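The structure appears right after this line, and notes come after that.
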Amino acid sequence: MLELDRLHAAYDASPALAGVSLTIGAGEVVTLLGRNGMGKTTTVRAIMGLLPGLRGRITAGRVSLDGESIAGWPAHRIAQAGLGLVPEGRQVFPTLSVEENLVATAARRGGRARWTLDRVYALFPRLAARRRQRGATLSGGEQQMLAIGRALMTNPRLLILDEATEGLAPVIRAEIWAVLKMLKREGQAALLIDKNLAQVMRLADRHVVIEKGRTVWSGDSTALSAAQSVRETYLHI
């Protein structure tokens, strides 16, 4: 479905990515792992067409969806093609209500919608109880639920989650991990960035490790569990 082939990117004259490669097939959950500042969020921005707003650009390599290059596409076209983003920092619309946030980006795929307001509210009952509240008045955990629900309302073929459990209370983190496991069971393809190595190793099919903007290792959870040197060199702070 999605392929990054030796992707390079830069902000102004400063290199940011120096050769990121990964693939995600239909129904797969793949993680992008690495320490802070190694290029994970920049990779997400490159995929989603969000580099230009930060004076950034793809300088080499390829980003393709179903074999077609999407590098250079505007962000709205990439979203319309079926990539849904849960961004780092949540970024809900603060002055819109919960329900307005959810319907603002709603879309159908193939004339039908797997995800509707009712289904998102069933997934996150807290949002149903707060449907008339403005996004800015929600707790951090509720805002994260809203960001996930908003991305699901686009009915994405591929869901990208950038630090979806970062900084949340343990009970909220557990709820979000349960949702991610349910989505995987339903066949939702996902690219996941998260620091909780134990959780992602239980959830994901494959892992891609990057260091200084380039892919240095990839493999499944069994291989990563056995690769102590990879974990110590590239993942431990």
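Every number here is computed from the coordinates shown, using simple stated rules; none is lab data. Given the structure is predicted, the values throughout are model-derived calculations rather than measurements. Methodologically, a virtual Cβ is constructed for each residue, glycine included, from the backbone with ideal geometry; neighbour enumeration extends over all protein chains shown.
Size estimate for the range 147-200 follows the Kirkwood approach: the inverse of mean 1/r over distinct Cα pairs works out to 11.6 Å.
Toward the positive end of the charge dipole of the range 118-237, with +1 on the Cβ of Lys and Arg and -1 on the Cβ of Asp and Glu, the farthest Cα among W217, M201, M182 is that of M182.
If you place +1 on the Cβ of every Lys and Arg and -1 on the Cβ of every Asp and Glu, how big does the dipole about the Cα centre of the chain come out, in debye to the nearest 20?
Working: 31 positive and 21 negative charges, 89 e Å.
So the dipole magnitude of the chain works out to roughly 420 debye.
When peptides 179-186, 27-34 are ranked by their average number of other Cβ atoms within 10 Å per residue, the highest-first order is 27-34, 179-186. Scaled to the globular estimate 2.2 N^0.38 Å, the Cα spread of the range 22-116, given as radius of gyration, is 1.20.
Could you compute the net charge surrounding T41? Neighbours are other residues with a C-beta less than 11 Å from the C-beta of T41; K and R count +1, D and E count -1.
Details: positive: K40, R45; negative: E88, D162, E163.
After counting each charged neighbour, the total is -1.
Would you kindly state how much longer the chain becomes between L96 and A223 on full extension, computed as 0.36 nm times their sequence separation minus their alpha carbon distance, in nm to one decimal?
Numbers: separation 127, 0.36 × 127 = 45.72 nm, distance 4.47 nm.
Taking 0.36 nm per residue and subtracting the Cα distance, the gain is 41.2 nm.
Taken as Cα centroids, the range 108-175 and the range 180-198 sit 14 Å apart, rounded to the nearest whole angstrom. Taking only the alpha carbons of the chain, we obtain Rg and Dmax values of 17.3, 50 Å in that order.
Among 130-143, 203-216, what's the highest-first ranking by average C-beta atoms within 10 angstrom per residue? List each step's numbers first, then the result.
Working: 130-143: 16.2, 203-216: 20.2.
Highest to lowest by the protection proxy: 203-216, 130-143.
When shorter helices are ignored and each DSSP H run of at least 4 residues is given -39500 (n - 2.57), the per-residue value for the chain at 222 nm works out to -9000 deg cm²/dmol. Highest mean first, the peptides 91-103, 64-76 sorted by other C-beta atoms within 10 Å per residue fall in the order 91-103, 64-76.
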